[in-house]
Amino acid sequence: MVFLQTIVLLLALLEIGVFAFRLPYSTTRRMWQRQIQHLAPQQLGEFEPINTSNEDRALRRVWLYDYVSASDSSTVTYHEIWDHQKSLVNHQLSRIGKGPKEPPLYDQFIPVDLVKDSQTTIGCDSIIMVEHDPVYTLGTASDASFIKGYHASDENREEVTISDDGQNPIPIVRIERGGEVTYHGPGQLVVYPIIDLRGYNQDIHWYMRALEEVIILALDKAGIKGATREDNLTGVWVSGKKIAALGIKARRWVTMHGLAINVDLKSLQNFEGIVPCGIEGREVTCINTEFQDDSAGFTIRDFAVHVQEALEEVFGISLVPAPLNDKV
């Protein structure tokens, strides 16, 4: 019996290694992976707070590109923000330089004595907060068959559009993050930290748990109690339902992509078109569904305030508003 268990474990580890480097896999292989999912936990690492004083936080200044609270705020296309992320990452990498042992050209945090148009502010840590137009996104190795109505002939296309009724087509975009398919759209708050983990904790698993901590803390501030992590799963859950998802990429310790939190009921409508994050048999929920108060619930802008506070506490930073017309 022990011998058989050992063989199964070795086969599982081999399959995990293949999944990490191959193109999207077939439905048959996905079914086999699902049978051994308990041997391939996603959630690794633990969150440990960054010990920073209020004085330290005042010096750890990070740009906030807040599309949600802008006076003319509206939903923004996925490609616009994706391009913005990639631009910020490229500036970060330029700041770091190519030599691994050479010091960065300048600090990752915004200087206190900020000079307008200074080159030393380009490439500093930044966070984007936004509400997207409807879109389904797939990670680099996501199984596209988790999208209902998806056809194998669409596999090699960068973007396809699927609609059950033909009235409101939703684009599908494959991007460079990890994780399975998810949905972004109206009623959902999306947060993209473009930060250099050298200034926090050079541990990707810690970073994932830190993002979950931001969500849990923000939900608590909003009055949603009992939000938790679940063993072997990434994201945050309330009453057994998923309320927030994560998906990131890091290059030379610079992060992109991030987290999405379902706020309003309308954020749930198009989840019916997919198996969210590839986890079958589990429901999604939103803040306004779980809110126990008799009030009307939260708007995206209302809840964004709690998320900003949670980001500052978890990462030990101070957020500085960045003019959206000056985005790099």
Worksheet item: In the stretch 217-245, how many are part of a helix (DSSP H, G or I) and touching a residue at least 24 places away in the same chain (Cβ under 8 Å)?
Response: 4
Worksheet item: Does I194 count as open to solvent by less than 30 Å² (accessible area, probe 1.4 Å), hydrophobic (A, V, I, L, M, F, W, C) and at pLDDT below 95?
Response: no
Fill in: Leading residue by the ranking (modelled with the highest pLDDT) among those in the stretch 90-132 that are among the charged types (D, E, K, R) and surrounded by fewer than 18 Cβ atoms within 10 Å (Cβ to Cβ)
D113
Item to complete: Looking only at the stretch 58-89, count how many residues are farther than 21 Å from V135 by Cα, open to solvent by 60 Å² or more (accessible area, probe 1.4 Å) and of a type outside the set (A, V, I, L, M).
Response: 2
Response to the item:
Pairing a residue in the stretch 194-206 that is touching a residue at least 40 places away in the same chain (Cβ under 8 Å) with any residue that is part of a loop (DSSP other than H, G, I, E, B) and among the hydroxyl-bearing types (S, T, Y), where Cβ atoms lie under 9 Å and the two sit 6 or more apart in sequence or on different chains, gives W206/Y200
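With modelled with pLDDT of 85 or more and surrounded by fewer than 18 Cβ atoms within 10 Å (Cβ to Cβ) as the only criterion, which of V307, V320 stands out? Outline the logic, then answer.
Working: V307 fails: surrounded by fewer than 18 Cβ atoms within 10 Å (Cβ to Cβ).
Step by step, each of V307, V320 is checked, and only V320 is modelled with pLDDT of 85 or more and surrounded by fewer than 18 Cβ atoms within 10 Å (Cβ to Cβ).
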Fill in: Within the stretch 246-290, considering residues that are modelled with pLDDT under 90 and aliphatic (A, V, I, L, M), the one surrounded by the fewest Cβ atoms within 10 Å (Cβ to Cβ)
L265
Discussion item. Between D56, D72, which is at pLDDT 85 or above, farther than 22 Å from E212 by Cα and out of contact with any strand residue (DSSP E or B) (no Cβ under 8 Å at 6 or more places or on another chain)?
Written reply: D56
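The values are calculated or read from the model by the stated rules, or taken from the named source; none is laboratory data. Just so you know, these numbers come straight off a predicted model, no measurement behind them. With ideal geometry, Cβ positions are generated from the backbone for all residues, glycine too; neighbour counts draw on all protein chains shown. The accessibility values were calculated without ligands, DNA or RNA, using every heavy atom of the protein model including side chains. Shrake-Rupley method; radii C 1.70, N 1.55, O 1.52, S 1.80 Å.
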